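Before any comments, here is the structure.
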Amino acid sequence: MTETRDYKPTLNLPKTSFPMKANLAQAEPATLARWQATDVHGAIAAARVSAQPFIFHDGPPYANGSIHVGHLLNKVLKDIVVRSVLMEGRACHYIPGWDCHGLPIEHRVMTTLVESGKAAKLDTLSDDHRRMAIRRECAAYATKFIKTQAVQMQRLLTLADYANPYFTMQPEYEAGTLGVFASLLEQGFVFRQLKPVHWSIANQTALAEAELEYEDRVDPSIYVDFEAADRTKVDAVFGIECECTPSFMIWTTTPWTLPANLAIAVHPAQQYALVEMDGTLTIVAAEMLAKVSAIVGATAVETLATARGSALVGLEYRHPFCDRVSRIVAAEYVTMEDGTGLVHTAPGHGDDDYRTGLREGLEIYCPVQGDGTFDATVPAWLRGKIVWDANPLVVDHLQASGHLVHALQFTHSYPHDWRSRTPVIFRATEQWFIGVDRAAGGTGRSLRAMAMDAVTTSIKFVPQWGQSRLKGMLESRPDWCISRQRAWGLPIPAFRTANDEVFMTAASVRAIAQCVRTKGSDAWFTLAPAELLASYDAAGDGDAPKDLCIETLTKMYDIFDVWFEAGSSWHSVLQQRGVGFPSELYLEGSDQHRGWFQLSMLPALGVMGTTPFRTLLTHGFLVDKDGRKMSKSLGNALDVEVLLKDFGAEVARWWVSGVAYDGDIRIDLDYFKVAGESYRKVRNTLRFLLSNLYDAPAWTQEEVVNIASNATPESIDRWLMGELADLEANARSAYNEYDFRRVHLAIFNFCNETLSSVYCAAVKDRLYCDPADSPRRRQTQAVARVAVEVLCRLLAPFLPHTAEEAWMALRGAGAPLLFTQTHLGLPRRSDPRWDVVMVARGAVSKALEGAKTLGIDNPLDAAVTLPDASGTLGPFARELADLCGVSQVTLDAKATSVTVADLRSIPRCDRSWRRDGTVRQRSDGGMLSDRDAISVGV
RNA sequence: GCGCCAGUAGCUCAGCUGGCUAGAGCACACCCCUGAUAAGGGUGAGGUCGAUGGUUCGAGUCCAUUCUGGCGCACCA
């Protein structure tokens, strides 16, 4: 009887400093601190100075609040691009940026000022001083959140030039924006035009949507008859003969806008009825007739005829109290919910009306002045009256003239100025526009034409559907209104001359840009026109008015739409900083088709004649587990801080890398748990490989690749080298196509299946039991090391911390930076025989499962006979037992299925636990196989 | 209301130009290992492919309608 000896100390068991537990929440900040202390960004940049550049431009997030999961997604995707490009050996100078100006910040700041009572004091200051006071607060606010977000973004382990970020409020950036504007102005894309805006009478200013508060208000709701100008034409439309002149009945809750009425809109597809209503002939939508009759209290109503709205178009009517004739127009927005189906249209007092007016060539007529009073163009009885006082006057007047069908008091929600709490009006004012249909510039083509061209022919879209999306938006977009009446922004540097004309030329804008470049846009508020225009040469400016007198100029106070600033970043950042133009890629959420994508390409097309990007990559929005949007109010928003604390940035990054980013992306804590599990799987696989390299020779990279590649074609090692080469090639091409999910799945499957399940299991025996320095074991170590080398590089864009951790465990503390390395570029050598081998392996697994009923629970207790009619398996005989995890494999050309034999009756090696048929008692008394006897030296 | 997108096992997703019993991973169940061990391995059970109606010899895959959800736009005179 033999005694069982303990051979464990004689085995080459795994050892490694690479821990199983990642401990990311603690380890990542340490890594980050090390990166910052050693200026890893600078070192990587230096290593790639002469490499082929990949120009990638960051779209600026808004400097407001902490980052949310949307930022996480966007920034990590961008970082994966940056790092995967670096791993390809290219240079990627990536500058993070922030959008600083604009209403959300100004609104926040103003709210604080109002609450603290400081706002009242501001009102006592001069325009310049008041604006400067607000701007100082806003700048401080933006700066604060830039700092916050920069820290948070770095915590996501993103690699970027955080030491030199760009902000849209930087003087050089602002000057760059003005430069872009000057070029557009020079080429004739910019113009000034009337447009209705929300207007606060109390503060004499335009307001943005965010500055409105909706409160209930009681207004007169009136039904008014507008008499047809030509009875016979109405007769023709309805096909009857009227006994008296019919009227078109409209409804409005703003009687004061009636003086500005220039049209009546009908829906072209709706039916309109000519009715006799209590003795008068009137026209209303057929569908609204019953409702209207009821409201106005008509007793005798008879429909005489009907006609489609489209037939009414072109008919004319007489204004009830202004001396003019206007016409019926068609509008799709006319609904059958309220009113009469005929819509009072005043292009100077409504957005829809404005659009209709533009389309129909109507005047954008606004007889209401900034102080809310009527000007001299209205009938005498309204002149100088405030619009609110005009309401009852209009009603009375209509009543007296017999045009009023009905009037009642009507309570509805109405916009109010959030500061003065007074009702606002809609009033046409002069605004600056960039025309999208103006044939201008060197090419004489419109921005829309150029944009459509670029979208259909030159821009690459990822995913492809971005193309139709952007196209649809460009087709329908109106002219771009770039002016805002606010304090927090980049001033549109226009002046008013003594004779009330607007002065702004390309040369004057450039002169001011020069001033702004050194003093910032605050200069507009602190300097006099003459100082601002110090470098301006009026005499040399062909566009300047002849009698220009700089001394008498006054500053105008519109600022730029923030989108114009962000949309100029390709110049203010890429060109001005010498990064290069255009950017290879813009990568943002799908909302940016309307925003940054589109509003960057328009200025660039105008100035450069080309888009500022070659490829547009867009990702969907994050939604919750049930597909609903994330929002604070629903309480389904995930907190980035919590994610980082509970899972670490790397698990979050791993999750991002595996997400299908086209379309909605569901996000939930559970998905991070799943990502955490698969991260651990990859980590442990890496750990197993590393742990078997503790005693490997210090091969150079070239040496290991050589040794590994020279394995015999029928060895497991050679098989893995082939798989590695495939993985590397597939992953690189997927990275190149921004298909990170494919990379993620390929890496995971490789670790899970190829390595963990097949290779590592098969190779364990030789790693543990072969003599430490045997050629077979060394070769496997070489292959294992190549596997780690490849995986570190492939994983690096997703998991910069973990990849580096593994890299240093492999190469030691003195290792070069992982991001200065490039992919190995292993040659692909496919050997179809391995498919046969793997099919056989699968068959063995199933057969072994069946053998469990025979009591063979442990595969090492089994010998297996494989059918090999074709003889393909023959050359692989030596490796098959290891591959199948059994003690012995024999091949049988005549067999048709796998058979399992029970080896429990033959001796088991005390050291390797195998029953390979060579096991016998050795000189030390132990039962050992031949191989193990040699290993132990007995 | 308009434009774009998505809807396949409990979950995340593959399924190209229509063609054998619809695939993978995770989770789950059962089992093995205990020399990757708060690890590792094996086997297995899961789906009327959002709904309806068409085209076709044949549809998850094409067409129409519809429902649900997302992004953007417009609208409340």
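Structure notes:
- Tally, over the stretch A:352-392, of residues that are outside any loop (DSSP other than H, G, I, E, B) and open to solvent by less than 50 Å² (accessible area, probe 1.4 Å): 10
Residue by residue, here is whether (1) among the aliphatic types (A, V, I, L, M); (2) more than 12 Å from RNA strand B (Cβ to nearest atom) holds:
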position: A:Ala711; (1), (2): yes, yes
position: A:Ile716; (1), (2): yes, yes
position: A:Asn749; (1), (2): no, no
position: A:Ser756; (1), (2): no, no
position: A:Tyr759; (1), (2): no, no
position: A:Ser774; (1), (2): no, yes
position: A:Ala782; (1), (2): yes, yes
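- A:Ser508 being hydroxyl-bearing (Ser, Thr, Tyr), crowded, with 21+ Cβ neighbours inside 10 Å and in a helix (DSSP H, G or I): yes
- Residue in the stretch A:866-882 that is open to solvent by 10 Å² or more (accessible area, probe 1.4 Å) and in a strand (DSSP E or B) present: yes
- Residue in the stretch A:248-299 that is farthest from RNA strand B (Cβ to nearest atom), counting only those that are hydroxyl-bearing (Ser, Thr, Tyr), in contact with a helix residue (DSSP H, G or I) (Cβ under 9 Å, 6 or more places away or on another chain) and more than 20 Å from A:Val237 (Cβ to Cβ): A:Thr299
- Matching residues in the stretch A:624-658 - criterion: being near RNA strand B (Cβ under 8 Å from one of its atoms) and modelled with pLDDT of 90 or more: A:Gly658
- Contact map, the stretch A:658-676: first residue among the acidic types (Asp, Glu), second residue outside any loop (DSSP other than H, G, I, E, B), Cβ cut-off under 6 Å, separation 6 or more or different chains; pairs are A:Asp664/A:Val623.
- Any hit, the stretch A:888-900, residues being of a type outside the set (Asp, Glu), in a loop (DSSP other than H, G, I, E, B), within 14 Å of RNA strand B (Cβ to nearest atom) and touching a residue at least 60 places away in the same chain (Cβ under 8 Å): no
- Inspection of the stretch A:681-703 identifies no residue that is open to solvent by less than 20 Å² (accessible area, probe 1.4 Å) and either aromatic (Phe, Trp, Tyr) or more than 15 Å from RNA strand B (Cβ to nearest atom) (or both).
- Of all the numbered requirements in (1) over 30 Å from A:Leu72 (Cα atoms); (2) assigned to a helix (DSSP H, G or I); (3) not small (Gly, Ala, Ser), A:Phe191 misses one, and that requirement is (2).
- Residue in the stretch A:477-488 that is at pLDDT 90 or above, open to solvent by less than 20 Å² (accessible area, probe 1.4 Å), in contact with a helix residue (DSSP H, G or I) (Cβ under 7 Å, 6 or more places away or on another chain) and not in a loop (DSSP other than H, G, I, E, B) present: no
- Restricting A:Glu186, A:Glu241 to residues that are free of Cβ contacts under 8 Å to residues at least 60 places away in the same chain and outside the structural domain of A:Ser521 (by TED's automatic domain parsing) narrows the list to A:Glu241.
- Counted residues, the stretch A:323-342 - those being buried (at least 18 other Cβ atoms within 10 Å of the Cβ) and either free of Cβ contacts under 8 Å to residues at least 24 places away in the same chain or assigned to a loop (DSSP other than H, G, I, E, B) (or both): 5
- Taking the stretch A:427-465 as the range and being open to solvent by 40 Å² or more (accessible area, probe 1.4 Å), within 21 Å of A:Ile482 (Cβ to Cβ) and touching a Ser or Thr at 6+ places or on another chain (Cβ under 8 Å) as the test, the residues that pass are A:Asp437, A:Arg438, A:Ala439.
- Residue check for A:Val395: part of a strand (DSSP E or B), touching a strand residue (DSSP E or B) at 6+ places or on another chain (Cβ under 8 Å) and either away from RNA strand B (no atom under 15 Å from the Cβ) or among the hydrophobic types (A, V, I, L, M, F, W, C) (or both): no
- Matching residues in the stretch A:295-313 - criterion: being outside any strand (DSSP E or B) and of a type in the set (Gly, Ala, Ser): A:Gly297, A:Ala298, A:Ala300, A:Gly309, A:Ser310, A:Ala311
- Scanning the stretch A:579-610 for residues that are assigned to a loop (DSSP other than H, G, I, E, B) and open to solvent by 10 Å² or more (accessible area, probe 1.4 Å) yields A:Val579, A:Gly580, A:Phe581, A:Pro582, A:Arg594, A:Gly609, A:Thr610.
- Cβ pairs under 8 Å, 6+ apart, first in the stretch A:724-752 and polar (S, T, N, Q), second assigned to a loop (DSSP other than H, G, I, E, B) and open to solvent by 10 Å² or more (accessible area, probe 1.4 Å): A:Asn736/A:Glu88
- In the set (1) open to solvent by less than 40 Å² (accessible area, probe 1.4 Å); (2) over 19 Å from A:Val224 (Cβ atoms); (3) out of contact with any Asp or Glu (no Cβ under 6 Å at 6 or more places or on another chain), A:Trp418 fails one condition alone, (3).
- Unique match (being within 14 Å of RNA strand B (Cβ to nearest atom) and not aromatic (Phe, Trp, Tyr)) among A:Gly435, A:Gly441, A:Gly466: A:Gly466
- Qualifying residue in the stretch A:820-841 (condition: within 16 Å of RNA strand B (Cβ to nearest atom) and in contact with a strand residue (DSSP E or B) (Cβ under 6 Å, 6 or more places away or on another chain)): yes
- In the stretch A:657-670, of all residues being under 21 Å from the mean Cα position of the chain (by Cα) and of a type outside the set (Gly, Ala, Ser), the one that is nearest to A:Thr802 (Cα to Cα) corresponds to A:Val659.
One line per residue, one yes/no per condition, for (1) touching a Ser or Thr at 6+ places or on another chain (Cβ under 6 Å); (2) open to solvent by 30 Å² or more (accessible area, probe 1.4 Å):
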site: A:Ile240; (1), (2): no, yes
site: A:Thr253; (1), (2): yes, no
site: A:Leu258; (1), (2): no, no
site: A:Val275; (1), (2): yes, no
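The values are calculated or read from the model by the stated rules, or taken from the named source; none is laboratory data. A quick note: this is a predicted structure, and the numbers were derived from the prediction, not measured. Methodologically, a virtual Cβ is constructed for each residue, glycine included, from the backbone with ideal geometry; neighbour enumeration extends over all protein chains shown. Accessible surface is based on the protein model in full, side chains and every heavy atom, while ligands, DNA and RNA are left aside. Shrake-Rupley method; radii C 1.70, N 1.55, O 1.52, S 1.80 Å.
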